[in-house]
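Reading through the structure tokens given below for one structure.
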Amino acid sequence: MENFTPWSALAGGALIGLAAVILMGANGRIAGISGIVGGLLTRSQGDTAWRLWFVGGMVIAPLLVTLSTGNAPPFLMQADWWAVILGGLLVGVGTRLGSGCTSGHGVCGLSRLSLRSLAAVAMFMGAGMVTVTVLRLAMGG
């Protein structure tokens, strides 16, 4: 088992916060990934360039880290592809029903002291905890 080293997590969290602050300051927009990607899919007029840059940065950043460090982060998917696709669809439906995703509510909404975001994050976390508990019990773990 690897030793716990929080530095990469701390740097990643700081970069996420910095990106959210820059996007809010420069564009007056919330860094909610579901809203950003959703805006690309609905083709908002004059609103595409920054969305493409933001999503492109999320895709390119791990590649740059891999190139600069010489090794890729470990990736182990313990689910079948059908489960990943179904999970992605359910997350998409959930972000529409919840009027945002974990990044929009959790990072940006909580920092703005939004009560709606506090309720959404409490629901995200609660649902996640219940899901993990039920799956562990079902799998005998």
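Where a number appears in this text, it was derived from the coordinates with a stated rule and is not lab data. Quantities reported herein were computed from a predicted structural model and do not represent experimental measurements. Heads up, the Cβs are rebuilt from the backbone with ideal geometry, glycines too, and the neighbour counts pull from every protein chain shown.
Quick grid of which residues meet (1) over 24 Å from residue 109 (Cβ atoms); (2) free of Cβ contacts under 8 Å to residues at least 24 places away in the same chain; (3) of a type in the set (Lys, Arg):
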site: 18; (1), (2), (3): no, yes, no
site: 31; (1), (2), (3): no, no, no
site: 40; (1), (2), (3): no, yes, no
site: 65; (1), (2), (3): yes, yes, no
site: 69; (1), (2), (3): yes, yes, no
site: 76; (1), (2), (3): yes, yes, no
Does the stretch 43-58 contain at least one residue that is among the charged types (D, E, K, R) and over 19 Å from the mean Cα position of the chain (by Cα)?
yes
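How many residues are assigned to a helix (DSSP H, G or I) and surrounded by fewer than 22 Cβ atoms within 10 Å (Cβ to Cβ) if we restrict to the stretch 109-119?
Applying the first criterion (assigned to a helix (DSSP H, G or I)) to the stretch 109-119 yields 109-111, 115-119.
Then drop every residue that is not surrounded by fewer than 22 Cβ atoms within 10 Å (Cβ to Cβ), which leaves 110-111, 115-116, 118-119.
Going through the stretch 109-119 one residue at a time, the tally reaches 6.
Is it the case that some residue within the stretch 121-130 is part of a helix (DSSP H, G or I), touching a helix residue (DSSP H, G or I) at 6+ places or on another chain (Cβ under 8 Å) and not acidic (Asp, Glu)? Give the derivation first.
Keep residues of the stretch 121-130 that are part of a helix (DSSP H, G or I), which gives 121-130.
Next, only the ones that are touching a helix residue (DSSP H, G or I) at 6+ places or on another chain (Cβ under 8 Å) stay: 121, 124.
Filter once more, keeping what is not acidic (Asp, Glu): 121, 124.
Among the residues of the stretch 121-130, at least one is part of a helix (DSSP H, G or I), touching a helix residue (DSSP H, G or I) at 6+ places or on another chain (Cβ under 8 Å) and not acidic (Asp, Glu), which makes the answer yes.
For the stretch 26-52, name all the residues that are over 26 Å from residue 121 (Cβ atoms) and surrounded by fewer than 10 Cβ atoms within 10 Å (Cβ to Cβ).
43, 45, 46, 49 - these are the residues of the stretch 26-52 that are over 26 Å from residue 121 (Cβ atoms) and surrounded by fewer than 10 Cβ atoms within 10 Å (Cβ to Cβ).
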